[in-house]
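The values are calculated or read from the model by the stated rules, or taken from the named source; none is laboratory data. Note that the structure is predicted; figures quoted are calculated from it, not measured. Note that each Cβ is placed from the backbone with ideal geometry, even for glycine, and that neighbours are counted across all protein chains shown.
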Amino acid sequence: MKPSNTVLLVDDDVDFAVAMRTVLESAGLRVFQAGDPGTALELASSQRPDLLITDLMMDGLDAGLEFIAQARTLPGLAHVPALLVTAVGTRRGYDLRPRDEKDLRAMGIQAFLEKPVPSTELVATVQRLLAERGNIRRSGE
């Protein structure tokens, strides 16, 4: 039986990824980490995470969104929720932040956070996304 509350974290900023992983593991989540979309797709295929968390810009401008789209083509991952965490929400005259649910859907994500992310906000967002998917273990289980 697959353990619940499994997160796949994709970010090429090793220090930030390690910090996020530490916060998520402290919250009781099982975290798999990758530094690039290719490795992340392999992990997604083998581990079938309950949640995807990815940076936007890695090896390309929209590498995170492309990763999410590709991951959702894998068996069992078509409806896995995704959280985009990026430092480029508003840079160089562009505003990449989703304004509403319609923007989130257009991006193929369920939530968006800007770096640096307070640990309490990260954990709350992850728990909300997992609860919406029905993956949070209730007390006593």
For region 6-56, how many residues are touching a residue at least 60 places away in the same chain (Cβ under 8 Å) and over 11 Å from the mean Cα position of the chain (by Cα)?
-> 5
Kindly check whether there is at least one residue in region 66-76 that is out of contact with any Leu (no Cβ under 9 Å at 6 or more places or on another chain) and within 18 Å of residue 6 (Cα to Cα).
-> yes
Of the residues that make up region 69-79, is at least one over 16 Å from residue 126 (Cα atoms) and in contact with an Asp or Glu (Cβ under 9 Å, 6 or more places away or on another chain)?
-> no
Could we say that residue 115 is closer than 14 Å to residue 11 by Cβ and either modelled with pLDDT under 95 or over 14 Å from the mean Cα position of the chain (by Cα) (or both) here?
-> yes
At least 3 residues that are closer than 17 Å to residue 119 by Cα and at pLDDT 95 or above in each: list the helices (runs of 4 or more DSSP H) lying fully within region 1-71 that qualify.
-> 14-26
Residue satisfying condition, being among the acidic types (Asp, Glu) and at pLDDT 95 or above, within set 101, 121 | 121
Any hit, region 82-96, residues being free of Cβ contacts under 8 Å to residues at least 24 places away in the same chain, surrounded by fewer than 17 Cβ atoms within 10 Å (Cβ to Cβ) and of a type in the set (A, V, I, L, M) = no
